[in-house]
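The block underneath contains the structure these notes are about, expressed in structure tokens.
Please treat every number below as a calculation from the coordinates, not as lab data. What you are looking at is a predicted structure, and each value in this text was computed from that prediction instead of being measured. When we count neighbours, we look across all protein chains shown, and the Cβ atoms used for this are built from the backbone with ideal geometry, even at glycine.
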Amino acid sequence: MHELRMELHSTDRAVKVDAVKKVIASMTVGKDVSMLFTDVLNCVQTGNIELKKLVYLYLINYSKTQPELTLLAVNTFVKDASDSNPLIRALAVRTMGCIRVDRITEYLCDPLSRALRDEDPYVRKTAAVCVAKLYDIAPDLVEERGFIEILHDLISDSNPSVVANGVAALSEIAESSGKDVMRITASVLQKLLAALNECTEWGQVFILDSLAKYTPADGREAEGIIERVTPRLQHANSAVVMSAVKVILSYMELMGSQNSDAIRALTRKLAPPLVTLLNSEPEIQYVALRNINLIVQKRPNILENEIKVFFCKYNDPIYVKMEKLEIIIKLVSEKNIDQVLLELKEYATEVDVDFVRKAVSAIGRCAVKLERAAERCIAVLLELIQTKVNYVVQEAVIVIKDVFRRYPNRYESIIATLCDNLDTLDEPLAKASMIWIIGEYAERIDNADELLETFLETFEEEDPAVQLQLLTATVKCFLKNPEDTQDMVQRVLDMATEESDNPDLRDRGFIYWRLLSTDPDAAKIVVLGDKPVIEDDTFKLEPALLNILIGQIATLSSIYHKPPDSFVVRRRAGLPTEEDDEEDDDDDDEYDEEVRDSSAGGVDLLDMGGMSVNDHKQFTPTAPMTRVAGPEKAGGIEVFSGFVQEGGKIFMELEFSNVSAGQDISTFAIQLNKNAFGLSPANQQVIFQPPVSPGSSGTTRVEMVMNPAMQVPTPNGQNVNPQIQVAIKNMHNNGVFYFAVNLNFECLFSADGEMEKTAFIEAWKSIDDRHELYATVSDLPADSTSIEDVQQKFAAYNIFFIARRPVPNAEGQEVVYFSMKSVHGMTFFAELTFKRGVNAAKVCLKTEATSYGGLAKSALESLLRSD
Amino acid sequence: MIHNFFVLSPRGDTILAKQYRSSEMGAHERTHTEAFFRKIQFWDDTKSVAEDAEDISTTSLENKKRVGDAPPVFVMPDGLTYFHIRRNGLVLGASSARNVSPNTVLELLSTIARIFKDYCGTLSEEALRKNFILCYELLDEMIDFGYPQVTRTENLKSFVYNEPIVVDSVPLTGNMVNPKTASAAAVHKPVISSVSANGRKTTGQQNSEIFVDILERLNVLFSNNGYVLNSTIDGCIQMKSYLAGNPELRLALNEDLVIGKHSGKYGSVCVDDMNFNDCVNRNEFESARTLSFIPPDGEFVVLNYRITGEYPTPFRIFPSMDEVSPTKVEITVLIRAEMPSNHFGANVLVEMPMPQGVVAAASCSLINAPGTGHASAEYVAAEHKIVWTMKKFPGGAEQTMKVKVTLNKPCTTQIRRQMGPINMCFEIPMYNVSNLQVRYLRVAENMVGYTPYRWVRYVTQSSSYVCRL
């Protein structure tokens, strides 16, 4: 170590370079060389670029693990950021961006904004990425300094790498913030399309990916963009091709049906590049196949004539073969079934067990899919069963069961062959399938009872699935042939009900037992009833999910066939939304303030006017007053009442209009009947100050407290009665009157109802969908559907904003999540869907406290309607 | 984009590793790559659990032995998605927590592999270890914050200051080495001037030369009666340029080249689809089938093409099988070379799997045509297959192999089915099946005294050349 230090201080440049290399070498093998930090740092004062780069390499490493140490070098960075050599300027900016501590930001901003306007494209491109890095540490700062605007300018930069990085940085920020910083306007669109031709391959991918997120105004625009994108299909880089395919497929949806010619032409153009992807390295093939799997589900005609290219090669890796099989099943048709069957038969003789099984099951799936070819498929399956290879037979039995379920009573002739192979079956699924077949066709099999008997010998050791099937099959057998099987069924029922500790088995046993002993005819109807015919499941993704996934082609989603939120790791482990993964909640608050501050300075970067408070109405909770009693009942007083929460306390607001001819009214006593909320007045006295004179009116508030003794429990499953019965005594004349007022539930939301996003998702997911309540609130007052407004309004009522996100594939729609908690501790979760330009909202509410759900829902509805 | 990048040795040691995003998971990266390596080494996607004891032991053993079965993209328990490719035994990997484009990441990985090869001369563990500083320098320029940056060899040159240390290229193992078809030694030299391992600068004038390969890989599947069931050609034109001064080049292909199967045109060469490198200017391609480009340094693919459908297969295979007695099977494999007689197949290898555990003995005899180089055929009991090799297989000739297999139990359909398919590997130098030709390759502007050496090779290789038995 000491020697190294000496060498680092050497005056000979070559020795110095060697020493730094040695330091880096020991650093990369995991040795701690941080004690040499200052020594290495000293070497940076050199005009030699090689040495400088080495020092930076060393620094970048420590910027990750020991950022405080690197801060020591910050002056060097700032100095180098205005070096005459563009390479060094870029190096300094790049390295500073990697130091993830807040303090670096104060040094970084100025050099960064200089670098963004640097004359050298290399520096500009490095700076563009650095903006994304800075956003990771201090998003507010990025917006404050207007860096996002500059990134927008970079899209029209003359240098393609700068454009690429500008787009990349904007997409990164858009993804991590959930905000539409990449908003594509007509002019941006033109810039992007122009840059598409100039860009590096990676830049093209970034541009295409952001184009895919854009929704063209109409079919014509979509067509125009497609035309510009189509040449990308001939790119050698598969990433470019895939992203171009994504853009084209998403836009094709918009072109509408009147354009069927154009669509057909496009369909023809898409096939060759997709097939070409299958000639790349196996890794790329795998990704392509997963995507093609989705594409053939969405638009089967693109590749309908290309089934041959999906035939497996002898030397394909297994993961490619498996995917190819999936696609073959999806593309199989009556035209090509013979060819496919020949292939599948070959596959069934290969070595790899998993692949063989999949091939066998594919043959059965073809039979289920194509009615006309079913017979041929079954012939092949029978041929394979003859080979007596254990796993082939088992797989064949499993899939033949499905064929029977698809075409009942058509192919029983093969049962005999199946029965010959009973002893090869040892997997539960295969056994269960075989037993199901025996039970279903007991009357056609002479020795059905004997066959079942052999299985019954080992009943207790079997897998539950097999036990269940055995039970059912025996009962079926008994119903069809009661004489010979009485004993057997008795024994099975005994075993199922008395000896088994599997609840499913026991319950099913009891049901059968009871059915058989009370009404054998009913048992027949139940057990031997017609079963629904199963359907072809090759196009098995839900259309809604498929549409989402088509929009996600060329992303990981398309590999996993899952929507992105189901696997993308967020810093806070999963949000229900796309946004905010880079900031935690505290940041959110700070961030709002930042926007307010900056809006005062006239910079409103994100068109978030709704968030800036200056010109906007403040929401304060008000009690919705309803007339609850007229003068005839209340002794010359007209009473309005409602509830409100203020400062964490709940008040009943009373407005008395004195319409009597008599005297002032001032003092009352109040009493509440037991109610569903446990509300009772904190103080029974109600005083109007000043007294209400005849002809005028006055308001007062009665503080309410929670008193469990006052709560009427609501039976589960019933909706809570929101009514609160009130008795008022006029202390002046001892006159008593009664009225009832409906509680407006929002006043009971407590201020501690705010939730962590993670907790929210957990809770949201944990509640059964049956407990969801829906409502559509239409005819809302105009301009009240701005989500920012709603958010603010709700916040005033302790309805806490959790997150918002655009609805995928539904332009202009956004969902917003809120949580609330009543003072009793009941929690409610709401999902509101808004559509731009429509004065309506959909409300979906979930809660464990189902009785109160209706109230919470109507509270939200009335709040949405209120100004 | 990507969170980290790493290169693992065939044994799973981390050779290079670079982190682009602060680890949100908190765990040390090295433990992650170790877990990752275990995962790809012992990929076992166990869906079928319950098999009898014997089956489990054999299949799981098999599963564990098979390398390269892990799909290139999967999620690890740490929540990150890992991508990887294998090159020369090395594993190049990356991980990401985002919904990134998998194509981009995989393409980036292969690009990195290519660049490392361009700069280090060879892509091997030793080369990377010796040149790790250079590699890190390259990585810093190629990826910033996880986003791909400069990935062209020639553009990188101006940012890279380290010099490569050349290691002796690892002698290629396997049977595809042939002086005629293996790349010239020059192809293994780095694109920038280098120091050899003993620290001396390599001296000598840089030759101005360019290597052009028209490489066609054949995928053919024959039925057992010799019919072609399926055939495709994956072709590409590859170049490796050491031209001084990076002049613009013009490359002309057959004039009557037709692209698109359904275009309705007729030509001597008809490809289904073609795609091109970024740098290629296609202005004159439609009219004159001429491409112009400034060749990037290092190895690059000018274009890829794909041909399906009928084309003359260079070799045809006719197998036949006779059951002489219940325990004796005679298999005859006749192979006919259908290319012109001035060409020959080199390093021909024919493999035929035999059923496991039932072959008692197998004897092979060959009937050779004249002009065949050293040929041999034998039954390799350890691998359960017949291996037949020929050094040279002249065009127009016919070769026959007769195998007499003695089984230790009577032959069933199942046993018969486990024989085959016949898999053939070969390469044919200076021949291509598609007839796609380079009409000329010349420097666009006339430069006096500039005569680069042009090395144009045509190579046809088998990719998957299989005949069912």
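Taking a straight Cα-Cα cut-off under 17 Å and skipping sequence neighbours fewer than 8 places away in the same chain, the lysines within cross-link reach of A:K22 are A:K31, A:K52, A:K53, B:K130.
When you filter the GluC sites (Glu not before Pro) in the stretch A:399-475 for DSSP loop state and at most 16 other Cβ atoms inside 10 Å of their Cβ, you are left with A:E457. Taking 26 Å as the limit for the C-alpha separation, the pairs A:K191/A:K835; A:K324/B:K261; A:K133/A:K835; A:K21/B:K157; A:K246/B:K39; A:K246/A:K846 exceed it in the case of A:K191/A:K835; A:K133/A:K835; A:K246/B:K39; A:K246/A:K846. Under a 5 Å amide H cut-off, with hydrogens placed 1.01 Å from N, B:V166 pairs with B:V195, B:S196, B:A197 among residues at least 5 apart or on other chains.
In summary, the lysines within cross-link reach of A:K335, defined as a Cα separation below 17 angstrom excluding same-chain residues under 8 places away, comprise A:K308, A:K369. Take every Cα pair under 8 Å whose residues are at least 6 apart in sequence, average their separation, divide by the length of the stretch A:626-743, and the relative contact order is 28 percent.
For the peptides A:416-429, A:377-390, A:765-778, residues were scored by their other Cβ atoms within 10 Å and the scores averaged per peptide; the highest-first order is A:377-390, A:416-429, A:765-778. Need the C-alpha centroid separation for the stretch A:766-841 versus the stretch A:65-139, integer Å. Each part's Cα centre sits 41 Å from the other's. Rounded to the nearest 0.05, the FRET efficiency derived from the C-beta distance between A:S786 and A:T622 at R0 = 30 Å is 0.90. Other residues within the sphere of radius under 14 Å centred on the Cβ of A:D504, judged by their own Cβ, net out at -2 (K and R +1, D and E -1). Remark: relative contact order (chain A) = 6 percent; criterion is Cα-Cα distance under 8 angstrom and separation of 6 or more residues.
When you filter the trypsin sites (Lys or Arg not before Pro) in the stretch A:440-500 for DSSP loop state and at most 16 other Cβ atoms inside 10 Å of their Cβ, nothing is left. Multiplying the residue separation of A:T518 and A:N305 by 0.36 nm and subtracting their alpha-carbon distance yields 70.8 nm. Residue by residue along A:346-354, Cβ atoms of other protein chains within 10 Å of the local Cβ number 5 on average. Return the aspartates and glutamates within reach of B:K402: Cα separation strictly under 18 angstrom, same-chain partners fewer than 8 residues apart disregarded; answer none if there are no such residues. Filter leaves B:D322, B:E323, B:E330, B:E351, B:E378. Put in line by how crowded their Cβ is, counting other Cβ atoms within 10 Å and starting with the fewest, B:F145, A:F643, A:F459 read A:F459, B:F145, A:F643.
Where does the stretch B:377-469 land on the Kirkwood hydrodynamic radius, alpha-carbon pairs, in angstrom? For the stretch B:377-469, inverting the mean 1/r across all distinct Cα pairs yields 18.1 Å. How large is the translational diffusion coefficient of the protein assembly as shown in µm² per second when you combine the Kirkwood radius over alpha carbon pairs with Stokes-Einstein at 4 °C and 1.567 mPa s? For these conditions, the coefficient is 35 µm²/s. Near B:R250, within a Cβ-to-Cβ distance under 9 Å, what is the net charge of the other residues, with Lys and Arg +1 and Asp and Glu -1? Residues near B:R250 contribute -1 overall. In this calculation the C-beta distance from A:Q490 to A:E461 is compared with R0 = 22 Å, giving a FRET efficiency of 0.60. Here the sum of -39500 (n - 2.57) over DSSP H runs of 4 or more residues, divided by the residues of chain A, equals -16000 deg cm²/dmol at 222 nm, to the nearest 500.
In the structure shown, the pairs A:K16/B:K18; A:K540/A:K757; B:K18/B:K117 are assessed against 21 Å; a Cα-Cα span above that value is assigned to A:K16/B:K18; A:K540/A:K757.
Across the stretch B:115-155, C-alpha contacts under 8 Å between residues 6 or more apart give a mean separation that, scaled by the residue count, equals a relative contact order of 33 percent. With neighbour counts taken as other beta-carbon atoms within 10 Å, the residues A:W764, A:W202 rank, fewest first, as A:W764, A:W202. Does anything in the stretch A:331-347 have its amide N under 20 Å from the 7 Å Cα→Cβ label point of B:K261, and if so which residues? Within reach of a label on B:K261, which here means backbone N under 20 Å from a point 7 Å along Cα→Cβ, the stretch A:331-347 contributes A:331-344.
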